[in-house]
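Asks: Dropping the structure in here first, questions after.
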Amino acid sequence: VLQVFYIKKGEVQYEWKSPALGREISSVVLQMAKDKIFVGCGQSIHGFTRKGKEFVKIKTNLTETIHHLFVEDNMIWTGGEYIMNIYDNCKDFGFVMVKDRINALTCCPILQGEILASVVACQDKCLRVFQGEKLYHEFAVEGSATAVGFHGLNPVDNPAHNVGDPVQMIYGTEQ
């Protein structure tokens with residue numbers, strides 16, 4: 001169940017609550033520009049409006065639980081344990097079998113192309129950048145990469161950012 005709440009004068013106020021989604025929620029992402037919430041539940045993706053109306057439900061053909069989500073316009077990236085999938089308008093666009101366990105995933109405009117590049121933090125002490133299904137760059141780090149994010153504003157949400165501009169990122173490791 002997905003619940004949206006806010007705090008007013010120190011009191012928790014519930015905005016809305018979804019019906020049971022069939023499985024536990026393993027990932028949640030907010031699509032900022034559109035005020036939409038997406039959740040991963042098992043192998044399904046559900047999208048909700050800011051008022052709580054479910055506007056999309058995608059039953060994927062995945063065998064892994066969706067642990068990571070990124071949404072930009074009509075594109076959705078999912079990360080399971082070892083597989084990253086890409087969907088365009090709710091249809092399969094591509095997938096990548098990553099060399100080791102996916103611990104974190106985000107996307108940003110690094111390269112020219114029809115879709116964002118995905119940055120994957122992996123258990124084998126690497127950050128990997130993919131353009132679609134193609135490995136673009138592999139960066140070794142000092143420990144198992146457990147988190148990845150942006151230093152400053154996410155370039156996807158920054159209208160002043162152009163493809164090819166530097167993207168400052170931060171990451172966390174086990175050590």
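Asks: Peptides 69-81, 145-157: what's the order by average Cβ count within 10 Å, highest mean first? Don't skip to the end; give the middle numbers.
Replies: On the way: 69-81: 20.5, 145-157: 15.8.
By packing density, highest mean first, the sequence is 69-81, 145-157.
Asks: Also, I was wondering about something else. Hey, could you get me the Stokes-Einstein D for region 37-135, Kirkwood radius over alpha-carbon pairs, 37 °C and 0.692 mPa s, rounded to whole µm² s⁻¹? Please list the in-between numbers first.
Replies: Numbers: Rh = 13.7 Å.
For the chosen part, D equals 240 µm²/s.
Asks: With a 1.4 Å probe and every protein chain left in place, tell me how much accessible area residue 14 has, in Å² to the nearest 10.
Replies: For residue 14, the solvent-accessible surface is approximately 150 Å².
Asks: Could you work out how far apart the two model spin labels at residue 82 and residue 170 are, taking each label as a point 7 Å from the Cα in the direction of the beta carbon, and quote it in nm?
Replies: 3.3 nm
Asks: Here's something else I'd like to know. For the chain, with only Lys/Arg (+1) and Asp/Glu (-1) charged at the beta-carbon, what is the dipole magnitude about the Cα centre, in debye rounded to 20? Don't skip to the end; give the middle numbers.
Replies: Details: 17 positive and 20 negative charges, 139 e Å.
That gives a dipole near 660 debye.
Asks: More than 20 Å apart: what percent of Cα pairs in region 87-152 qualify?
Replies: Summing the P(r) tail past 20 Å for region 87-152 gives 27 percent.
Asks: Treat each spin label as a single point 7 Å out from the Cα along the C-beta direction, and report the residue 1 to residue 138 distance in nm.
Replies: According to this spin-label approximation, the distance is 4.6 nm.
Asks: To the nearest 20 debye, what is the magnitude of the charge dipole of region 51-142 about its Cα centre, counting +1 on the Cβ of each Lys and Arg and -1 on the Cβ of each Asp and Glu?
Replies: On the way: 10 positive and 13 negative charges, 55 e Å.
The dipole magnitude comes to about 260 debye.
Asks: So, one more: Over all Cα pairs of the chain, how is the pair count split among 5 Å bins, expressed in % and running from 0 up to the last occupied bin?
Replies: With 5 Å bins starting at 0, P(r) equals 1, 8, 16, 19, 19, 16, 11, 6, 2, 0.
Asks: Considering only lysines 8 or more places apart in sequence, or on different chains, count the pairs in region 27-175 whose C-alpha atoms sit under 21 Å apart.
Replies: Lysine pair count for region 27-175: 15.
Asks: On to the next question. If you roll a 1.4 Å probe over the heavy atoms of the protein chains, what accessible area per residue do you get for the chain, in Å²?
Replies: Details: 9850 Å² over 175 residues.
That works out to 56 Å² per residue.
Asks: Right, next: With every protein chain left in place, what is the accessible area of residue 34 in Å² (1.4 Å probe, nearest 10)?
Replies: 100 Å²
Asks: Sticking with this structure for a sec: Hey, any idea what % of region 53-99's accessible area is carbon plus sulfur with a 1.4 Å probe?
Replies: Numbers: 1270 of 2550 Å².
Carbon and sulfur together cover 50 percent of it.
Asks: Further question on the same structure: May I ask you to compute the full-extension gain from residue 9 to residue 53, defined as 0.36 nm times their residue separation minus their alpha-carbon distance, rounded to one decimal in nm?
Replies: On the way: separation 44, 0.36 × 44 = 15.84 nm, distance 2.68 nm.
Computed gain between residue 9 and residue 53 is 13.2 nm.
Asks: How far apart, in nm, are the 7 Å Cα→Cβ label points at residue 112 and residue 92?
Replies: 3.1 nm
The values are calculated or read from the model by the stated rules, or taken from the named source; none is laboratory data. What you see is a predicted model, and the numbers here were worked out from it, not measured in a lab. All Cβ positions, glycine included, derive from the backbone under ideal geometry; neighbour counts span all protein chains shown. Areas reflect the complete protein model, heavy atoms only, side chains present, ligands, DNA and RNA absent. Shrake-Rupley method; radii C 1.70, N 1.55, O 1.52, S 1.80 Å.
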